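Novice: Supplied in structure tokens, the structure appears directly below.
The values are calculated or read from the model by the stated rules, or taken from the named source; none is laboratory data. Remember, it's a predicted structure, so these values are computed and weren't measured experimentally. So basically every Cβ, Gly included, is an ideal-geometry build from the backbone, and we count neighbours across all protein chains shown. Note: areas computed on protein heavy atoms with side chains; ligands, DNA, RNA excluded. Shrake-Rupley method; radii C 1.70, N 1.55, O 1.52, S 1.80 Å.
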Amino acid sequence: MSRAVTLGLLLAVVVALALRCPQLDERPMHNDEAVNAIKFRTLLETGAYRYDPNEFHGPTLSYLTLALAKFTSAPGFVDFTEARFRVLTIVFGVGLILLLPLVADGLGRWATVVAALLTAISPAMVFYSRYYIHEMLLVFFTFLALAAGWRYTQNRKISWALLAGAAVGLMQATKETFVLTLAAAVAALVLNTLWIRKVAAPSGSPPCKLCPKHLLAALGVWMVVALILFSSFFTNAAGPLDAVRTYMPWLHRNAGASPHIHGWSFYLERLAFFHTKGGPVWSEGLILGLAIVGIFAVFARKGLQGANADFIRFIAFYTIILTGIYSVLAYKTPWCLLNFWHGMILLAGVGAVALVRWPRREWMQVSVAAMLLIGADQLAKQAWRAGVTFAADRQNPYVYAQTSPDILNLVDQVNALSKVSPDGHEMLVKVLAPDSDFWPLPWYFRGLDRVGWWAEMPTDPLAPVMVVSTQFHTALDVDKTHVMVGFFQLRPQTFFELYVRSDLWHAYLESVKSRQP
Amino acid sequence: MVNAQKHMLTNISSPVLHRRLALCVGLVALALSPVVATNSFADDAAKPAVAKGMKPLEIKLPPPAFVGTPKDAPAGTNIEPLSDKPRPLLIVPDDVVNLAPGKTITSSDTNATAKVLAKLTDGLKETSDSTSVLLRKGVQYVQFDLGSVDEIYAIVFWHAHDAPKVFHDVIVQVSEDPGFKDKAHTLFNNDVGNVAGLGAGTDREYFETNEGRLVDAKGIKARYVRLYSQGSTDGRMNEYTEVEIYGRPAK
């Protein structure tokens, strides 16, 4: 790899970190992040993990968090912060850039650098790198599998086959939707092979024939990795079977038994052009447009000097098929777009280089490059907006069922009350919300030792502190034993009332008064 | 050397050895006793005093049930009606009118110009960029100067009500003193935590609706009217759409 390419990749890493790392603690924990964090707590404190086939995805997120915690001498769970969790997904988000040298001879050196920079500045990539959920890990392991597969085709070394197998095992142990990626990759491989045989002469070296022994070894490694992780390192015999059983509830969800049923354009709307009343305009149209150029370039075989057309064509088939699969599936949550979006970014790298090379005159090439740089600058600004300024705002296309910042006011109030309460962190708190719609409060109340959680109104709801969903339509202060301190927004249109026993509230007011100058 | 040391040890008489061992054990026990005592004391301090034959009732609390991604409420959804009962009518003298239009309006947010604040009395009560006044975050107020001491019967105000939201620390005061240091009367105060420093309120927080919030002023005599707030459940900025002050000149 030349020095210029290396510097380009390093610059991309620096830019990626600069956009992903700041103010990691600011955005309140999403429902899913908090669920993942509390599930991790069990692993951290008891060493136990049990895969749940009905929900909550695979074990890699928890185990990798544990590995990072051990590596960094993490404190006890109560002292964990949002940033500590989100660092893990940042590592994998930036890791996508570090994998690019494995495919530099396939994409072309300069397309690799452009793809690295686009990965660094894509608002979707930046936003979800800062989200403690499984998606970024899945995208990373997917790319690792594809890259290892590509390396295998170039030299037929079994080590690459084994790495690809391990990566697929990690994909499976991360998220159930890996089957979609696998299907797209296999379909793309078949299509590409047919294309090479029937339409175009192969570029570069002849197509590599897969050694059956190597394939079997790779499959074996896949199975072993998945077995180890789903069985929780051989402590849960049902885990590997659950890894297959899991598809029943997911099929059920896609058939309509889910609040996340959206139209085919759900993802593309967010990527191409998104604007809500009073908010800024969002668009990753630059990447989309360059990806289309990249697809055109590979099928027209123009502007691909130094690249491998067969590899790029495979990525094109894979990305188009995966985009189609995700668009057709009724069940959609916005972070799922990362899976096909990464393919688009690789193609955009190819498209950018082709676009710059097509004009014959140098001044035109420079002009195209300058315009692309202006577009990249705009994209980087959007990335900052997405990750920081609008991180919890519904005007951000990537925000979905996000916890409102107002809930932190509730948390601060309850913590302030525990400091005044004679029971301290053993102050009794009752949280009541239908359908257990109280997340991420279990994360925020992790320092309190006596918190009860109800999905229905219990026969005795009273406690020194009660956090009650407004959907219960209660007035627990009617007997004047408690004060209704205020409303707090969990998410748009979802609110809590905070009730505090009168004596505790007066003690709190006295403590505030005594602190005032 | 080793043999000499061994010889020295075996040469010490048994009673002396026992005394020395006992001394060592005693010293160690003495050194550890504060730690043991502290822990015991701490344990005792944590446990409530309980009479013989009684015990603290241990209530097992249910843990939180895990749930999947919640539904994302779509933008622009209509506000659900929070009450199907209309606001009861307030009965006032028949010469009471809205005194607010044309009056001098000021604000604690010095960025809010007179032109912007004039939107509060333009008669437009729907929340939009063109009809709303945005004040900075923190405790902020808007103040009306009625020009003379008037009898105020009702103050009706609308914060932003384009989505379900609750404004915090809403306080309504009237006074004959423009600085509100002398003879300031509080008509409404849901600042339960005394954040604004004007006293802990006893009124409840409420959801904003297109009805606005009506505060019964009961004919109180005042020249100045102040409305405070400190952000909402939707964000830290303060937003007003319209203010109406119903009264008549004082007799």
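Novice: Under a crude label model (7 Å from the Cα following the beta-carbon direction), how far is A:Val512 from A:Cys21 in nanometres?
Specialist: 3.8 nm
Novice: Let me ask something else about it. For the stretch A:403-517, what is Rg from Cα atoms divided by 2.2 N^0.38 Å, rounded to two decimals?
Specialist: Dividing the Cα radius of gyration by 2.2 N^0.38 Å gives 1.01.
Novice: Suppose accessible area is computed on protein heavy atoms with a 1.4 Å probe; arrange A:Ile158, A:Ile38 from highest to lowest.
Specialist: So, going from the largest accessible area down, we get A:Ile158, A:Ile38.
Novice: Okay, next question. Taking the Cβ-Cβ separation of A:Leu329 and A:Ala238 as r and a Förster radius of 22 Å, what is the calculated FRET efficiency to the nearest 0.05?
Specialist: It comes out at approximately 0.20.
Novice: Report ³J(HN,Hα) in whole Hz for each residue of the stretch A:95-101, in order, from the Karplus equation J = 6.51 cos²θ - 1.76 cosθ + 1.60 where θ = phi - 60°; Gly and Pro get x.
Specialist: Those phi angles translate into x, 4, 6, 5, 7, 4, x Hz.
Novice: Is the shape of the protein assembly as shown best called rounded, prolate or oblate, per the rule: a/c under 1.5 gives rounded, else a/b larger than b/c gives prolate, else oblate, with a ≥ b ≥ c the square roots of the Cα gyration tensor eigenvalues?
Specialist: It is oblate, given that a/c is not under 1.5 and a/b is not larger than b/c.
Novice: Then there is this: Rolling a 1.4 angstrom probe over the protein chains, ignoring ligands and nucleic acids, what is the accessible area of B:Thr202 in square angstrom, nearest 10?
Specialist: Per-residue accessible area (B:Thr202): approximately 130 Å².
Novice: Follow-up question, since we're still on this one. Do the sum for chain A: with -39,500 (n - 2.57) for every DSSP H run of n ≥ 4, divided by all residues, what is the mean residue ellipticity at 222 nm, to the nearest 500 deg cm²/dmol?
Specialist: -18500 deg cm²/dmol
Novice: Could you order A:Cys21, A:Cys211 by accessible surface area, starting with the largest, using a probe radius of 1.4 Å?
Specialist: A:Cys21, A:Cys211
Novice: Based on a Kirkwood Rh over C-alpha pairs, give the Stokes-Einstein translational diffusion coefficient of the stretch A:404-443 at 25 °C and viscosity 0.890 mPa s in µm²/s.
Specialist: 219 µm²/s
Novice: Once amide H atoms are placed 1.01 Å from N in the peptide plane, what residues at a sequence separation of 5 or more from A:Ser404, or on another chain, have their amide H within under 5 Å of its amide H?
Specialist: Distant-sequence amide H within range of A:Ser404: A:Arg491.
Novice: Between B:Asp129 and A:Asn415, how high is the FRET efficiency from 1/(1 + (r/R0)^6) when r is the Cβ-Cβ distance and R₀ = 25 Å? Nearest 0.05.
Specialist: E between B:Asp129 and A:Asn415, to the nearest 0.05, is 0.10.
Novice: I'd like the Karplus ³J(HN,Hα) series for the stretch A:360-377: coefficients 6.51, -1.76, 1.60, θ = phi - 60°, whole numbers in Hz, and an x wherever there's a Gly or Pro.
Specialist: With coefficients 6.51, -1.76 and 1.60, one gets 7, 7, 5, 5, 6, 4, 5, 4, 5, 4, 5, 5, 5, 5, 4, x, 5, 4 Hz.
Novice: Compute from the Cα atoms of the stretch A:2-96 the Rg and the Dmax, the latter being the longest Cα-Cα distance, and quote both in angstrom.
Specialist: Using the Cα atoms of the stretch A:2-96, the pair Rg, Dmax is 15.7, 49 Å.
Novice: I need to check one value: relative contact order of chain A, counting alpha carbon pairs closer than 8 Å and at least 6 residues apart, in percent.
Specialist: Here the relative contact order equals 18 percent.
Novice: Further, regarding this structure: In Å, what is the Rg of the alpha-carbon atoms in the stretch A:205-359, and how long is Dmax?
Specialist: 20.3, 62
Novice: For a quick check of your reading of the filter: which GluC sites (Glu not before Pro) in the stretch A:421-517 sit in a DSSP loop and have no more than 16 other Cβ atoms within 10 Å?
Specialist: Within the stretch A:421-517, the qualifying GluC sites (Glu not before Pro) (loop, at most 16 other Cβ atoms within 10 Å) are A:Glu456.
Novice: Using a basic spin-label model with each label point 7 Å from the Cα along Cα→Cβ, how many nm lie between A:Ala257 and A:Ala83?
Specialist: About 4.3 nm separates the two model spin labels.
Novice: Something else about it: From the square roots a ≥ b ≥ c of the eigenvalues of the alpha-carbon gyration tensor of the stretch A:338-481, which class results: rounded (a/c under 1.5), prolate (a/b over b/c), or oblate?
Specialist: prolate
Novice: With all protein chains present, calculate the accessible area of A:Met136 using a 1.4 Å probe and round the result to the nearest 10 Å².
Specialist: About 0 Å², rounded to the nearest 10.
Novice: With a cap of 11 neighbouring Cβ atoms within 10 Å, and only residues DSSP puts in a loop, list the trypsin sites (Lys or Arg not before Pro) found in the stretch A:473-517.
Specialist: A:Lys480
Novice: Could you rank A:Trp282, A:Trp358 by how accessible they are, 1.4 Å probe, largest area first?
Specialist: Putting A:Trp282, A:Trp358 in descending order of accessible area: A:Trp358, A:Trp282.
Novice: So what's the convex hull volume per residue for the Cα atoms of the stretch A:376-456, in Å³?
Specialist: 101 Å³
Novice: Let me ask something additional. Restricted to Cα positions, what overall size does the stretch A:130-183 have along the principal axes? Three whole-Å values, descending.
Specialist: Cα spread of the stretch A:130-183 along its principal axes, largest to smallest: 36, 23, 14 Å.
Novice: Among the listed pairs A:Lys277/B:Lys115; A:Lys277/B:Lys165; A:Lys480/B:Lys181, which have their C-alpha atoms separated by more than 27 angstrom in this model?
Specialist: A:Lys480/B:Lys181
Novice: For the stretch B:141-203, just say rounded, prolate or oblate: build the C-alpha gyration tensor, square-root its eigenvalues into a ≥ b ≥ c, call rounded for a/c under 1.5, and beyond that prolate if a/b exceeds b/c, oblate if not.
Specialist: Since a/c reaches 1.5 but b/c is at least a/b, the shape of the stretch B:141-203 is classed as oblate.
Novice: If you plug each phi of the stretch B:204-211 into the Karplus form 6.51 cos²θ - 1.76 cosθ + 1.60 with θ = phi - 60°, what whole-Hz ³J(HN,Hα) values come out, in order, with x for Gly and Pro?
Specialist: 7, 5, 8, 7, 5, 9, 6, 6
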